[in-house]
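Where a number appears in this text, it was derived from the coordinates with a stated rule and is not lab data. Predicted, not measured: the structure shown is a model, and the values here were computed from it. FYI the Cβ positions are ideal-geometry reconstructions off the backbone, even for glycines, and counts take in every protein chain you see.
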Amino acid sequence: MGVRTWLDHWPVYRQLTGTDPLGRGEAAKSERSRSLTARTETADSMARSVCPYCAVGCGQRIFVKDGKVVQIEGDPDSPISKGRLCPKGSASKSLVTSDRRQQKVLYRRPYGTRWEELDLDTAMSMIADRVLAARDETWEDADEDGRPLNRTLGISSLGGATLDNEENYLIKKLFTAVGAIQIENQARI
Amino acid sequence: MAGPNSFYGPLDPAPDAGYVDAPPRMGFFTDTSVCIGCKACEVACKEWNLVPDDGFNLLGTSYDNTGGLTANSWRHVAFIEQPAAGSGHGTDTPGAFAGMPTGPSASAHTAVVAAGTSQDTGTDPGVPAAPDALAAAATITAPGTQFLGMPGADLPGRTMDAPRSDFRWLMMSNVCKHCTHAGCLDVCPTGALFRTEFGTVVVQEDICNGCGYCIPACPYGVIDQRKDDGRAWKCTLCYDRIGDGLTPACAKACPTESIQYGELDELRSRAAHRLEKLHEQGVAEARLYGHDPNDGVGGDGAFFLLLDEPEVYGLPPDPVVTTRDLPDMWKRAGVAALAMAATIVVSFAGRRR
Amino acid sequence: MAEAHPVGFQYVVEAKNRGAKVIHIDPRFTRTSALAHSYVPVRAGADIAFLGGVINYILGNEKDFREYVLSYTNASMLVNEDFKDTEELDGLFSGYDPELNTYDQSSWQYLGQQDEGQEEGEAHADRETASGLEQESHGPPVPADVPRDPTLQDPRCVYQVLKRHYARYTPEVVERVCGVPQDKFLEVCEAWTANSGRERTTALVYSVGWTQHSVGVQYIRAGAIIQLLLGNMGRPGGGVMALRGHASIQGSTDIPTLFNLLPGYLPMPHHSQHETYRQWIDAIRHPEQQGFWANAESYAVNLLKAYYGENATKDNDFGYGWLPRLTGDHGTYQQVLDMIDGKIKGYFLLGQNPAVGSAHGRAQRLGMANLDWLVVRDLFMIESATFWKDGPEVATGEIVPEECKTEVFFLPAASHAEKEGTFTQTQRMLQWREKAVEPPGDCRSELWFFYHLGRIMRERRAGSIDKRDQGLLNLAWDYPLHGERGDEPSAEAVLKEINGYEIATGRPLSAFTEMKPDGSTAGGCWIYTGVYKDGVNQAARRKPRTEQDWVAREWGWAWPADRRTLYNRASADPEGRPWSERKKYVWWDEDAGEWTGYDVPDFEKTKPPSYRPPEGATGVEAISGDDPFIMQGDGKGWLYAPSGLIDGPMPTHYEPAESMIRNPLYGQQANPTRKVYERSDNLTNPSPPERHSEVYPYVFSTSRLTEHHTAGGMSRQLAYLSELQPEMFVEVSPELAAERGLEHLGWAHIVTARAAIEARVLVTDRLTPLRIEDRTVHQIWMPYHWGGEGLVTGDSANDLIGITLDPNVLIQESKVGTCDIRPGRRPTGPELLAYVQGYRDRAGLTPGHRTPILTTEVDEPEDS
C-alpha cells in the first residue's frame, strides 16, 4: 500500500479533506464496510427448493459457497409465497447447517446403557438381516380359510409426511414386496 | 463546519454526511395493523446477520420471549394483550368476549409479574427486569399513562375492573430507528458508527472498541453491547444486502408485508395513504410514529403505524436526540480536537516515511 | 392460520385489505383472531352443533344457491322409506347394531337401492381398514339412476331429509351447546350466506386439527354440506381447504405410506373382500357406476406393472398374488398396542417422532421398549430414539435400560437441501426441489436407504424359491445411480416411473387416460400421470409469478392432470356459462366446441353441457354434460351420503369421547361407532351419563405455536426458534386461574387418566370461560411441541391423550379431552404413577371398567 493510498483510507485524512468534515459518513467508512457485499451475490450456486416445514409449500432459494449452505431465503418468483417465509422457514439454514445434527450412525445394543458408533454399511447389513429374520419369524401364508395373506405383522413403519414422493413410493413398494403392511405416516395422526 | 441543522430538525442525512450524489434515503415502514407476531423478522435477521441467540427464558410477556432490542436481537416483536374499550378494528361487531361469563382482566397483573422477569441475553444493558415491579403493580389501577420503558406494565386500557367484553392483541416488530439525527453516531468517538450513503446508521464491527458511549445516547434504548466481545451491535438495515440492491432480511421474510422496505419518501406517502384508509375503515386509533421530520430526532428512517399510544408498545412518546445541544459544545472542543488530530497525522506520516 | 401457516395467511390479510370480512372461530383467541374482524369463542368439540346451526339457517331461510343445488348436488334424490334419522332415534340412525357398534347401512340408500348398501359386517370391516380414507378421491358406490323430485318438496328427498335433520340446530341450541352467543352466531351465518352465490364465493379453511376428533370426518362433511348448499365448490375463491401441517403430507397420502392404501387411492387388498384379482378390480371400479373410477383396472394394472415390471403379466394377474393382504385394523395405534403386547419385532421411524408427536406418549414409548429392534432415521436426536435412556418411563421406573431389550439403530438423514425430489403440498401441488449440497457424514436420503436396503435383501434372497420371497425377487428394482458417491438413486427416474410410460418405447404418458389395462403401459400413481409429460419434469416448472396470470399454471404441477381447482366444471352453470363475470373460471366455448378458461377444465374437454348419456351407459360415458363431480358415482355433490361413511349419512352433534357435558341434543352421548381400544393401559376419562366426570372437570385442547414444528425435532434443536418459545406452558383464563389458584409464570400440572404433566402457567385474557347449558365451562390450552431432547425441553402434552379414533379414517381424538389442572409441579418418579392412579380411583376407572358406547337407554344417575 503506497502512502497516498494509505492516507486516502485513513478516516481523519478523509474527514479533513473530503465532504464529510464531521466524520460521520463517507469519511468514517471502514475498509470492511467499503467492501461489504451480500453473500448471496458471491455464492457459487443457488438451488431452487421448497420449505421443509408445513404444507404451504413456500419457495426457497438455497445459496451455496464452497460446498456449504450460506443462506436460505424465500423465492420471490413463487406464486405461493411471493418470497416470504415464516420463522421456521427462515430458520432453514440453521436446520441444515446446525452442528447439533447427527452425522454418524449410532447403535444401542440390547440392554445397552449408551450409544456406540457403527459403520453405515454394517448398519445397513444388520438392518437387512433383521427385516428378513423378523419376516421369516412372523410370516403368514394364508388365513384359516386358505385365502392368501402373503404378509408379516412383525414389522412396522411410521413416517413419510416430511419425505419426498419418490421416497414414499420406494418405501411402499419395498415394504409391499416384503409383505410388510403396517406402514403408516403422520396422515393417520 | 456543519450548519445548525446537522444536529436537529429536518435533514437528508446522507448528503449531510458527505455523500455526493447519494442514493435515495432507504428505510423501513412497519405497519403493525397487519403484524401477526410470527417473528419471522427476528429469525431472518439472525440467520442473515449471524446474530447469537439471546437465551432461552420464558418471560411471560404474552408471546414475547425476546424482551427487547439488544445486541443479540435486532428485531423484536412486542405483544400487548389489551382488554380494549369499544369493539376494536373499526367494525360494529360485538366485542371478542361479549356475552361470555368473564371476570376482570388479568393482563395488568400478568404484565407486572412479567416485568419482574429479566432476560439474560448475554448483553449489556440487555433486558433487565423492571427496577421495581411492585411499584408498577401499585400503578395498575391508577388512571393515566406512565412510560415504564417496556411494554406490559401500566398501560392504557389495562385498568379495567369490570368484566372484560372486548380484547385486542397488538403486535409490533420493533427495530433501530435509523434516526435522521442519530445520537449514537454523534457521540461515537472511534468512527465505528457511521452514516451510510442510504442514510442508515451502522456500527462497524471492525472499528468498534466497546467504549459504550453510544448506549446512553440512544433515545429509544436500542443500541446495546455484547458482554463477550464488548462491542455494540444493532440493526444495520442489512447494509451488505441493500448495497447490492436486495431487501433487508426481515422485510423480505415478513409474510404479511407488515415490514416494508423502500425509499423513505415513498414509504412515507404509502404510510399516509394506509393511515387514511384505516381511518376510513373506522380504525380511529391508527397513527404514525417516527414519520415526522420535525420530531425530536428529525424523523426516523424506520417508522411505524401503531394502533395505540407509543408507550403501549414500549416506545418513548416524544424522543429527542441526545446530542441536540452538541454543536454548542463542539464549538469549544473542536479546535483542540482538530489540532490534536493534525499532530497525529504528522507523526504517523513521519513514521511511515 | 396465522399461527400455523403464516405465509398462507398473507392472502387473508390481502383480502382483508381489499374489503373482505374475516371471521375466526376458535376455542382460544390466537394470532389469527388478532387480525380478524370478528372472533367467535367456541367450545372445543362442538363444531357440528355450530355448523349444523349454519345449515339450519341456510335451509330455514332458503339461502341456498338453488340453481346450483338442484343441478349439482343430490338434493332432489329420494331416500329410502326405511331410513330413520337421529331425530327419531335419540341420536342413532337406523340400522345400528349395538354388538358391533356399527351400522347396517341398507336403509340409508336412495329409494329403490336398499340392496346396494353395506351389510353391517362389511361396515365393520371398512372401519377396521379405514376405508373412508380411500374415498379422498374415490366416490363410494352408488348407482347413477336414482328417483328424483326436482321440486324438492317430496318429504323423502335429500333436501327435506337434511332440513328435518338440522331443524333443531337453532341459534338457541348453538348457544347452549357451543357457548356462542346468538348474535355472534347469526353474524357468522349472515356473513357466510351474503358472501355466496353467483357474484361471490366464500372459502372455508380449516387446519387438520379438525380431523383429530372422534367425529372428525363428519366435521369436514358438515363444512362441505354448507359449501355445496351455498354453491361454493369448484369455484374460484370457494372450496374447503385443508391446511395440512407437513411438507409432503398430501403426497404421503397420494403415494401413501399408509397401511390401507396403494398409490392413487387404490385399496390395499383385503383377504376376504379382495381374494382374487377380479374381486379387487371390481371393488374399485363398481361396474355399473359412472365416473372415472370405471377405468380403475387400468390404474391398478399400471401400478402392478410399475411394481413388478416384466414379471407382471396378464397370465399371473400382473403379480396380484404377490401383494400382502389386510385382515383388519393395522393402523399406527393398533400397531403400538401390539408392540406393548409383544407382537411386533421391528419398527422403522422415518422423520417421525411418536414419543412426542403421537397420542398417548406413554403407550408409544412402552411399545418401543418392547421391540426387538428399532430403526430411527432423523436429522437430530429425537425422543423416540432415546426412550430407553432418559424417557419419562425411565424416571418412573417403568423402563430400566439394563432390562430393555430393544436394539436401536440411529441413522442420520439427509435434509431437504441435500436431496432432490418432489413434495406434494396442501394444494395438491407437486414442487420439485433441486439438490443444493451433498449430505454430510453418514447422512443419507430415504431414497438411498430404501433402495440399498432392498438391494441387500434381494441379494440375500437371490435364487430363493420360497413363495414368500417371490414378490421381493420379482420387484422392478433397477434405478440409475448418480451423485458424488455414485450410489444415490435418481429421484427423477422414480418420478418418471410414478408418472407412467409406454413400455415398448419408454415414452412418458401425458395423461392417465393413456393408461392401458393390457400391460402395455406402466405407471406407479395414476393421479400423478402428466407430471412427467413430454419427458419434462413439470413439477420443476418455475415461471415467475409476475410473468403469468393469477392461476399461475406454469408453476409446479397439480394432480390430477394439472388442475388447480378440483371440480371446476361447477364454476360454470349447467349450460356451461360462467355463473357471473366476476367469478368466471372455466366455461364452455360453443364456437370451439370445448371447455376453456383459466384452469385446466376438470371435465372431458369436448363433452358439451348438453350431453346426456345413452340408456344403460356406465363409466365416463355415463357422466352427463352437467355433472361436475366426475369422480362420484352419480356425478353429484353429496349433501347426504347414502354410503361411504361409517357413522351416518349426515353429520350429527356428538359430544367428544371425553366431556363433562351430557349431550344436550340426544341420549346418544358420543359417536356410537367410534373406534375404541378398551384396555387397562388406555383408559378414558368418564363422561356423562357415567358418574365421576367431575374428577376431570376442564376441557383441554392442544395445538401448534408459530415458533415450533410438531414434535419439535426440527425446531427445539434450533437456537433461533427455541429462544422464541423456550418452555412448555399452559394457557388459562383469569377465571380458571382464580378458581384453581394458578399464578402467572408459576408451575401447574395437568392430569388425565393417562398421565400428569407439568407446565409453566400463562394467565391470559385470550381465554374465556363459556356458558354451556347452565354451567360455566373452562377451557385450557397447551402447545404439544415439547419433549426431553433438544435445546429446550419439557413435558409432552400428547402424554395426556388417550387413543379413541374416528371410525372412518382411524385418526385419534386429540384436539379435545377432559383434565384437571392444579398449581405446582407434578410428582416425580414412582410417586407420579401413584398420583395418576389416585385420580383414576376417584373417577371409578377400576379394573373391569368399560366405557359405555350406546347411551340412549342409560338411566341417568343422580349428580354425585
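The range B:1-73 and the range C:686-702 have Cα centres separated by 50 Å.
With R₀ set to 25 Å, the beta-carbon distance separating A:Tyr111 from C:Asp681 gives a calculated FRET efficiency near 0.60. Each Lys and Arg adds +1 at its Cβ and each Asp and Glu adds -1 at its Cβ; summed about the Cα centre, the range A:45-97 shows a dipole of about 80 debye. Listed values for the range B:18-28 are Karplus-derived 3J(HN,Hα) couplings in whole Hz (6.51 cos²θ - 1.76 cosθ + 1.60, θ = phi - 60°), namely x, 7, 7, 6, 4, x, x, 5, 10, x, 10, and x replaces Gly and Pro. Here the translational diffusion coefficient of chain A follows from Stokes-Einstein with Rh set to the Kirkwood radius across Cα pairs; for 37 °C and 0.692 mPa s it amounts to 144 µm²/s. The distance separating the Cα centre of the range C:271-318 from that of the range C:196-216 comes to 34 Å. Across q = 0.05, 0.08, 0.09 Å⁻¹, chain C modelled as identical point scatterers on its alpha-carbon atoms has Debye log10 I(q)/I(0) values of -0.27, -0.74, -0.96, in the order of the q list. Which shape class, rounded, prolate or oblate, goes with the protein assembly as shown when its Cα gyration tensor gives a ≥ b ≥ c as root eigenvalues, a/c under 1.5 marks rounded, and past that a/b bigger than b/c marks prolate? It is prolate, given that a/c is not under 1.5 and a/b is the larger ratio.
Put in order of Cβ neighbour count within 10 Å, fewest first, the listed residues C:Tyr169, C:Tyr479, A:Tyr111 become A:Tyr111, C:Tyr479, C:Tyr169.
Of all the C-alpha pairs in the range C:641-690, what % are more than 19 Å from each other? The calculated P(r) of the range C:641-690 puts 35 percent of pairs beyond 19 Å. Looking at the range C:72-102, the GluC sites (Glu not before Pro) that sit in a DSSP loop and have at most 13 other Cβ atoms within 10 Å of their own Cβ are C:Glu81, C:Glu88, C:Glu99. Which of the lysines could a cross-linker span from C:Lys675 if the Cα-Cα distance has to be under 27 Å and same-chain partners fewer than 8 positions apart are dropped? Qualifying lysines at Cα under 27 Å: A:Lys172, C:Lys84, C:Lys343, C:Lys345, C:Lys815. Based on Cα contacts under 8 Å between residues 6+ apart, the range A:45-97 shows a relative contact order of 29 percent. Label reach from C:Glu484 (point 7 Å along Cα→C-beta): in the range A:19-62, amide nitrogens under 18 Å belong to A:43-48, A:62. Here the sum of -39500 (n - 2.57) over DSSP H runs of 4 or more residues, divided by the residues of chain C, equals -6500 deg cm²/dmol at 222 nm, to the nearest 500. Shown for C:Leu473, C:Leu51: other C-beta atoms within 10 Å of each C-beta, ranked fewest to most, produce the order C:Leu473, C:Leu51.
Dividing the mean sequence gap of close Cα pairs (under 8 Å, 6+ apart) by how many residues chain C holds gives a relative contact order of 17 percent. Pairs exceeding a 30 Å alpha-carbon distance, out of B:Lys39/B:Lys277; C:Lys314/C:Lys435; A:Lys68/C:Lys305; A:Lys93/B:Lys177: C:Lys314/C:Lys435; A:Lys68/C:Lys305. Using a simple spin-label model with pseudo-atoms 7 Å out from Cα toward Cβ, A:Arg100 and C:Glu615 lie 7.3 nm apart. Diagonalising the gyration tensor over the Cα atoms of the range A:105-188 and scaling each eigenvalue by 5 before taking the square root yields semi-axes of 26, 19, 12 Å, largest first.
The angle between the Cα long axis of helix A:165-177 and the longest principal axis of the Cα atoms of chain A comes to about 20 degrees, rounded to the nearest 10. A Förster distance of 56 Å, applied to the separation of the beta-carbon atoms of B:Val320 and C:Met241, puts the FRET efficiency at 0.65. Computed about its Cα centre, the charge dipole of chain C is approximately 1980 debye, with only Lys, Arg, Asp and Glu carrying charge at their Cβ. Partners of C:Lys467 within straight-line reach, counting lysines whose Cα lies under 19 Å from its Cα and excluding those fewer than 8 residues away in the same chain: A:Lys173. From the P(r) of the range A:45-97, could you give the percentage of C-alpha pairs in the tail past 15 Å? Counting pairs separated by more than 15 Å, the tail of P(r) holds 37 percent. In this simple spin-label approximation, C:Asp315 and C:Asp534 carry label points 7 Å from Cα along the Cα→Cβ vector, and these lie 4.1 nm apart.
Note on C:Glu199 and A:Glu144: with the Förster distance fixed at 56 Å, the Cβ-Cβ geometry gives a FRET efficiency of about 0.35.
Residues of chain C were split at every exposed loop site, defined as trypsin sites (Lys or Arg not before Pro) in a DSSP loop with at most 11 other C-beta atoms within 10 angstrom, and the longest piece left, sites excluded, is C:19-313. Residue order for C:Ser610, C:Ser131, fewest other beta carbons within 10 angstrom first, comes to C:Ser610, C:Ser131. Projected onto the charge dipole of the range B:1-52 (+1 at Lys/Arg Cβ, -1 at Asp/Glu Cβ, origin at the Cα centre), which of B:Tyr8, B:Phe29, B:Cys41 gives the Cα projection farthest towards the positive end? Farthest towards the positive end: B:Cys41. Which of rounded, prolate or oblate describes the range C:705-864 when judged by the alpha-carbon gyration tensor and an a/c cut-off of 1.5? Prolate.
Considering the range C:432-582, its Cα convex hull presents a mean projected area of 14.3 nm².
Annotation: aspartates and glutamates with alpha-carbon distance below 15 angstrom to C:Lys419 (same-chain offsets under eight excluded): A:Asp164, A:Glu166, A:Glu167, C:Asp378, C:Glu434, C:Glu438, C:Asp442, C:Glu446, C:Glu484, C:Asp487, C:Glu488, C:Glu492.
The relative contact order of the range A:116-189 comes to 28 percent, based on Cα pairs under 8 Å that sit 6 or more residues apart. In chain A, the longest principal axis of the Cα atoms and the axis of helix A:120-138 are about 30 degrees apart.
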